1. Counting only residues that are at pLDDT below 80 and aliphatic (A, V, I, L, M), how many does the range 198-223 have?
2. Can you say whether Ala81 is out of contact with any Ser or Thr (no Cβ under 7 Å at 6 or more places or on another chain) and surrounded by 13 or more Cβ atoms within 10 Å (Cβ to Cβ), as far as the supplied structure shows?
3. Take residues that are within 19 Å of the chain's Cα centre (by Cα) and tell me which of the strands (runs of 3 or more DSSP E) falling wholly in the range 10-92 contain 2 or more.
4. Restricting to the range 205-238, give me the number of residues that are assigned to a strand (DSSP E or B) and free of Cβ contacts under 8 Å to residues at least 40 places away in the same chain.
5. Mind checking whether some residue in the range 7-29 is open to solvent by less than 30 Å² (accessible area, probe 1.4 Å), closer than 20 Å to Ser222 by Cβ and not hydrophobic (A, V, I, L, M, F, W, C)?
6. So if I check each of Ala118, Ala129, which one is among the aliphatic types (A, V, I, L, M), farther than 13 Å from Ala65 by Cα and modelled with pLDDT under 90?
7. Of all residues in the range 95-115 being outside any loop (DSSP other than H, G, I, E, B) and over 25 Å from Gly191 (Cβ atoms), which is modelled with the highest pLDDT?
8. Hey, Leu186 hits all of (1) closer than 20 Å to Thr71 by Cα; (2) open to solvent by 10 Å² or more (accessible area, probe 1.4 Å); (3) modelled with pLDDT of 95 or more but one; which does it fall short on?
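The values are calculated or read from the model by the stated rules, or taken from the named source; none is laboratory data. Everything numeric in this text was worked out from a predicted model, so none of it was measured. Methodologically, a virtual Cβ is constructed for each residue, glycine included, from the backbone with ideal geometry; neighbour enumeration extends over all protein chains shown. Keep in mind that these areas ignore ligands, DNA and RNA; they rest on the heavy atoms of the full protein, side chains included. Shrake-Rupley method; radii C 1.70, N 1.55, O 1.52, S 1.80 Å.
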Amino acid sequence: TAAGWDGTTIIIANLTIPNGAYLGSSSTSTYALETASMVAGSTVNLTINSGGFLVGRGGAGGAGAGQSITTLSTGSVGGPALNVINSINFNLTNNGTIGGGGGGGGGGNGGDDWFQNAGYQGGPGGGGAGFGTGGPATSNPNQSHMASDPGGNGTHNAGGAGKQSLLLAGEFNNGSTGGTGGNGGLLGTVGNNGLNNGQGYIVTYQSGSPGGAAGVAINGWSTITVVTEGTILGAKNN
């Protein structure tokens, strides 16, 4: 548009993702690259060089599970990477990697303990590959009696680490610990479930939360002319 395209004329777009570049998305609800707004009959030539990545957004890690498993403790679904509409010509030369965002890790299990029979949370899950955000830190001493760091954030191709919640300083809990959050999934891979390794002196809720599903790698696969398929991690939907 800045070069003078009128928005209606057929165009040829030559796109290259070079070595060391990571093209992603800021949201799991949007593609890293899509052609939905292109004029019918246009052509896209996408080249991904060795060491280049086109990745969906990783799912967020879940919060540590408390006395009951909640939606917030389940890892979030990863986002999609590439969408191709069927009215254009799309040529793919992939010597790098295309991957759906990894699912977020689930929160670790929690339970009850202490002389007040107070509840505590498990640790948060890690963010999925594709720069997913780790789950929130366990940090409410009035409800949890446990604390943890936030779950690790995902990188361009690896999931972040889940964390375990441990006893706050000055608390006495007869050896209780919160469960460890699951690690975020790799590209195109479901997030890991939260672990059931938390132990309560009174009662432990033996259910870490599930990890999130992986994002789709490509929607519109049957539309693409494949010169080089390369590494594709995740579903290829027609």
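1. Counting residues in the range 198-223 that are at pLDDT below 80 and aliphatic (A, V, I, L, M) gives 2.
2. Here the answer is yes, as Ala81 does meet what is asked.
3. Values: elements: 12-17, 43-48, 53-55.
Strands (runs of 3 or more DSSP E) meeting the threshold: 53-55.
4. Of the range 205-238, the ones assigned to a strand (DSSP E or B) are 218-219, 224-228, 231-233, 236-237.
Still in the running and free of Cβ contacts under 8 Å to residues at least 40 places away in the same chain: 236-237.
Going through the range 205-238 one residue at a time, the tally reaches 2.
5. no
6. On the way: Ala129 fails: modelled with pLDDT under 90.
Going through Ala118, Ala129 in turn, just one is among the aliphatic types (A, V, I, L, M), farther than 13 Å from Ala65 by Cα and modelled with pLDDT under 90: Ala118.
7. Residues of the range 95-115 outside any loop (DSSP other than H, G, I, E, B): 97-99, 111-113.
Imposing the further condition that a residue be over 25 Å from Gly191 (Cβ atoms) reduces the set to 112-113.
On the way: Asp112: 71, Asp113: 65.
Among those residues, the one meeting the criterion is Asp112.
8. (1)
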